1. Residue under question is Y322, and the condition is that it be within 28 Å of D90 (Cβ to Cβ) and not in a loop (DSSP other than H, G, I, E, B); does it hold?
2. Within segment 161-206, take every residue that is under 22 Å from Q309 (Cβ atoms) and free of Cβ contacts under 8 Å to residues at least 60 places away in the same chain and give me the one that is surrounded by the most Cβ atoms within 10 Å (Cβ to Cβ).
3. Working only within segment 426-455, note down all residues that are β-branched (V, I, T) and either under 28 Å from F358 (Cβ atoms) or touching a His at 6+ places or on another chain (Cβ under 6 Å) (or both).
4. Which residues, counting only those in segment 205-238, are over 27 Å from V402 (Cα atoms) and among the hydroxyl-bearing types (S, T, Y)?
5. With the structure loaded, tell me whether V333 is in contact (Cβ under 8 Å) with a residue 24 or more places away in the chain, in contact with a helix residue (DSSP H, G or I) (Cβ under 9 Å, 6 or more places away or on another chain), buried (at least 24 other Cβ atoms within 10 Å of the Cβ) and outside any helix (DSSP H, G or I) or whether it fails that test.
6. Return the only residue of N304, N290 being in contact with a Ser or Thr (Cβ under 7 Å, 6 or more places away or on another chain), at pLDDT 95 or above and either closer than 21 Å to R439 by Cα or not charged (D, E, K, R) (or both).
7. Out of Y140, Y101, Y88, Y149, which single residue is touching a residue at least 24 places away in the same chain (Cβ under 8 Å), closer than 23 Å to W53 by Cβ and surrounded by fewer than 21 Cβ atoms within 10 Å (Cβ to Cβ)?
8. Can you say whether A35 is within 30 Å of G430 (Cβ to Cβ), out of contact with any Leu (no Cβ under 8 Å at 6 or more places or on another chain) and either modelled with pLDDT under 95 or not in a loop (DSSP other than H, G, I, E, B) (or both), as far as the supplied structure shows?
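The values are calculated or read from the model by the stated rules, or taken from the named source; none is laboratory data. Predicted model only: the values in this text are computed from it and were never measured. Quick reminder, even Gly has a Cβ in these numbers, built from the backbone with ideal geometry, and neighbours come from all protein chains shown.
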Amino acid sequence: MTSSTPRRTVLTAALAAAAGAAAVTPATATSRPPAAAPGRHAPEPGLVDNGAWTTYTDWRSGEAAGVRPVAGLRPALVIDAPAGRTEYADPHSGKTATWEYATWTSPAHASTVPATEVIASWNAATPAGTWLQIEATAAYSDGSWTPWYVLGRWASGDGDIRRTSVDDQTDGRSTVWTDTLAVDDAASGLRLLAYRLRVTLYRKPGTALTPRVWRLGAMASDIPDRFTVPASTPGVARELAVPRYSQNIHTGQYPEYDNGGEAWCSPTSSQMIVEYWERRPTAEDLAWVNPDYADPQVCHAARNTYDHQYSGCGNWPFNAAYCATYDEMAAVVTRLRTLTDVETLIAAGIPVITSQSFLKEELTGAGYGTSGHLMTVIGFTADGDVIANDPASPSNEAVRRVYARREWENIWLRTKRYNASGKIVSGSGGVCYLYFPARPTPAQCKALEAVGIRA
């Protein structure tokens with residue numbers, strides 16, 4: 001289940017410029033969004049739009065300052081000649097260090113959906129001595145643009161910086177809520193029509209080290225307020241052989257990473273899918289874990305998804321980025337429309353990690369209620385019911401569950417619900433993580449494209 005910290009923290013109204021400032025001066029955005037860059041894949045119009053930069057041609061577009069694209073089977077951005085040096089005072093370690101940096105700023109991606117929310121994803125490797133910062137700016141429907149907002153300061157490890165989101169970023173019309181850039185008042189009609197992303201690559205001065213960035217993108221969406229969604233028709237009966245891990249057997253472990261148990265649903269789900277794709281941390285990676293603990297790889301996933309500002313492991317893009325640190329893996333955060341989309345992915349062998357919230361009586365057989373929980377859809381029964389690996393289980397053996405299709409679809413896709421006190425609170429609106437091989441099969445490419453993801 002969710003961390004003891006709420007999934008979306010309440011932020012103050014003022015933008016903390018020092019916390020949100022980039023290491024370099026933001027590029028000037030035009031007042032109207034230009035057309036999408038050549039080679040962009042535009043999903044069909046609807047509620048969700050996914051944009052991504054992944055190819056050598058993509059990396060040659062936009063604005064580069066000290067970076068260069070590298071060709072190959074998996075084209076990447078790397079540091080060429082640094083654009084300059086800067087100091088970063090890490091608020092979570094208390095350390096200040098000097099770093100060389102270089103930046104890449106995307107062209108504007110014109111969303112097919114006038115959006116209320118934008119959530120970024122990135123796939124990268126950061127060797128020791130390097131890290132990344134991800135930022136976004138978005139075009140309002142009135143022609144103006146947001147400031148450049150920091151959507152994450154990230155490294156695959158924690159030896160150089162503490163992985164973190166940045167609070168207190170707002171211009172009075174939009175706000176960053178941990179990992180989501182959102183319009184403050186959707187009822188006003190204000191929307192985000194386009195966005196630009198910027199990645200800043202950092203390294204220790206005087207070295208030849210560099211991060212490698214393989215994928216940078218975002219999901220823009222406008223999901224209408226809804227307590228219920230239409231029922232979909234069952235279409236696929238298949239179950240994937242996904243490893244089963246319980247978060248609850250880790251209760252009380254590693255308080256510095258939010259204490260295990262109900263706080264670890266996201267990394268536990270992520271680790272199940274990492275291993276489904278036959279990737280695992282090495283013995284060296286796991287050497288820090290107490291040898292008395294079962295499934296040390298789950299502890300490893302928690303440590304490597306932990307957001308030191310959010311004080312939890314539930315940062316959606318940090319989980320996707322963790323998966324993509326494994327050899328030849330890719331990952332995105334998106335929203336899907338119905339369980340039919342999930343069936344399309346399951347049929348191609350791609351499991352789906354979903355985010356949902358519900359009262360105990362709303363999901364028969366769960367045995368608990370939650371204000372936010374991640375679980376993994378691994379298949380569907382012949383009747384269309386959902387087969388899920390639910391980490392909120394007392395043991396690994398108990399993780400596999402079958403949930404009623406109609407109940408499950410509604411608690412996942414709705415944006416509004418009533419909590420136990422009768423208060424109206426939010427739902428995820430179909431948020432999910434998709435993890436897949438960097439070079440998927442033709443069938444997997446087709447399935448991903450069908451749900452709007454450029455593989």
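1. Details: within 28 Å of D90 (Cβ to Cβ): yes; not in a loop (DSSP other than H, G, I, E, B): yes.
The answer is yes for Y322.
2. Looking at residues that are under 22 Å from Q309 (Cβ atoms) and free of Cβ contacts under 8 Å to residues at least 60 places away in the same chain, I get S174.
3. Filtering segment 426-455 for residues β-branched (V, I, T) gives 431, 441, 451, 453.
Once the filter is applied, which keeps residues that are β-branched (V, I, T) and either under 28 Å from F358 (Cβ atoms) or touching a His at 6+ places or on another chain (Cβ under 6 Å) (or both), segment 426-455 yields V431, V451, I453.
4. Of everything in segment 205-238, those that are over 27 Å from V402 (Cα atoms) and among the hydroxyl-bearing types (S, T, Y) turn out to be T207, T210, S221.
5. Numbers: in contact (Cβ under 8 Å) with a residue 24 or more places away in the chain: yes; in contact with a helix residue (DSSP H, G or I) (Cβ under 9 Å, 6 or more places away or on another chain): yes; buried (at least 24 other Cβ atoms within 10 Å of the Cβ): yes; outside any helix (DSSP H, G or I): yes.
Yes, satisfied.
6. Values: N290 fails: in contact with a Ser or Thr (Cβ under 7 Å, 6 or more places away or on another chain).
Exactly one of N304, N290 is in contact with a Ser or Thr (Cβ under 7 Å, 6 or more places away or on another chain), at pLDDT 95 or above and either closer than 21 Å to R439 by Cα or not charged (D, E, K, R) (or both), namely N304.
7. On the way: Y101 fails: surrounded by fewer than 21 Cβ atoms within 10 Å (Cβ to Cβ); Y88 fails: closer than 23 Å to W53 by Cβ; Y149 fails: surrounded by fewer than 21 Cβ atoms within 10 Å (Cβ to Cβ).
Unique residue meeting the criteria: Y140.
8. Values: within 30 Å of G430 (Cβ to Cβ): yes; out of contact with any Leu (no Cβ under 8 Å at 6 or more places or on another chain): yes; either modelled with pLDDT under 95 or not in a loop (DSSP other than H, G, I, E, B) (or both): yes.
Spelling it out, A35 is indeed within 30 Å of G430 (Cβ to Cβ), out of contact with any Leu (no Cβ under 8 Å at 6 or more places or on another chain) and either modelled with pLDDT under 95 or not in a loop (DSSP other than H, G, I, E, B) (or both).
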